[in-house]
């Protein structure tokens, strides 16, 4: 009977595991073909561009030997990408490591080919190399970014995913599961959990327990897992971890150790091996860095440019709001800023003039907390107010709040005095920096987010601020506004 059950399990699981491995191979091969096509096209374009520009700098057109060198250069480029780990599955969907490896491979290929040509006595066209690198590297990076976005879309549709088995105590398993489910674009499909002794039918979050931490191999065969996530609480000793690695080395299963570190950007994490022990160093939070002069200069320069560029649009909006019902153009509400200071936050008025008087009544009627109060079909919104909110144009007057130093272009969502009074002590960290015209909450779903998720994103921004992150958020804001996702 046991043998029959094992055979049945193998028959059921084999297609799942084969599907996961086949998807991973498909992704890597597709990316390699994309890179090869880009490199070939760029090399050909560089040779033709060199020939077109040859009369200008007085050089000869490309000979057959240069075409042969171009082929070697292109093939060497792809080999360098492979050697530098640009096709490792774990770098293909998240982080900047993939792009760094592409740049490193490009530099290594140029160096290797140049050295080889020097010793071979072959004069490689410098114009060809310059054109190839200047054009090719951005093309490779754009190709990688396009592939990444395509993978993210596929992962969100539960395609090309990896089956994940979570190992640890139930509470930590659920914490990891929440993160993986929230970041569906990572492509992890949770298929079960391992708990100490295999106790429990499911975790509190509803993940089925399929085995014990002490014997993961049987559970991996049972569910056909591609990845085993080990919560740090599931490993009692380094010897147990080594034995687990030895046990799984023939199973072609990726092993990931997930420590109790969450909502910390990778820029603040440093892993330093000491005597075979990998120590995780966490840099200090960066909230105070966001108050320095660099961010203020950036805010003023960009804001002045925006105000000049969109002044005609703001005048048209002001006229539309005024002529709709004769009420005031701007709506001013007290909001809490840096260090708990209160300021008048400006917006184009999108609601009826007595909207504040109706707020508590609507919250009670719809069973919604006053904290992050939002209604998809708020009856207080005026006709011009609906399209202003959908495109977030009602917030344009806050550019003047930024100029006055009360707000920043990017930061936590500005909350009202009543909302601030309702949240717990940990949220006071939001006031270490100025609130923002846009922020992580806006580019991550805006009003579709729960209050808890919006608070988490605000705290993440404060603790992990960087000027690069501000630029990324501003770029993503255009997409969020044009797509009108979560805006009402």
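Computed from the C-beta positions of residue 142 and residue 476, the FRET efficiency with R₀ = 25 Å rounds to 0.90. In this structure, residue 126 and residue 429 have a Cβ-Cβ separation that, at R0 = 51 Å, corresponds to a calculated FRET efficiency of about 0.45.
Say a paramagnetic label sat at a point 7 Å from the Cα of residue 400, along Cα to Cβ; which residues of segment 326-353 have their backbone N under 13 Å from it? What the label zone holds, given the 13 Å backbone N cut-off, is 329-333, 344-349. Using a simple spin-label model with pseudo-atoms 7 Å out from Cα toward Cβ, residue 308 and residue 72 lie 5.3 nm apart. The label point for residue 156 and the one for residue 268, both projected 7 Å from the Cα toward the Cβ, are 2.7 nm apart. Net length available on complete extension from residue 100 to residue 339 is 82.2 nm, with 0.36 nm assigned per residue and the Cα-Cα distance removed.
If the chain linking residue 114 and residue 353 were pulled fully straight, counting 0.36 nm for each residue of separation and taking away their Cα-Cα distance, it would gain 78.9 nm. Taking a ≥ b ≥ c as the square roots of the eigenvalues of the Cα gyration tensor of segment 162-262, is the shape rounded (a/c under 1.5), prolate (a/b larger than b/c) or oblate? Since a/c stays below 1.5, the shape of segment 162-262 is classed as rounded. Can you tell me how segment 288-330 classifies by the Cα gyration tensor, rounded, prolate or oblate, using a/c under 1.5 as the rounded cut? Oblate shape, in that a/c is at least 1.5 and b/c is the bigger or equal ratio. Placing a label point 7 Å from the Cα of residue 182 along the Cα-to-Cβ direction, the residues of segment 86-116 whose backbone N falls under 18 Å from that point are 94-95.
Take every DSSP beta bridge with both residues inside segment 162-262 and express the antiparallel ones as a percent of the total, to the nearest 5. So the antiparallel bridges in segment 162-262 amount to around 5 percent.
With both labels modelled 7 Å from their Cα along Cα-to-Cβ, the residue 134 to residue 171 distance reads 6.0 nm. If R0 is 51 Å, the Cβ-Cβ spacing of residue 107 and residue 422 corresponds to a FRET efficiency of close to 0.45.
Bear in mind that the values in this text are calculations on the coordinates, not laboratory data. All values derive from a computational prediction rather than experimental measurement. Methodologically, a virtual Cβ is constructed for each residue, glycine included, from the backbone with ideal geometry; neighbour enumeration extends over all protein chains shown.
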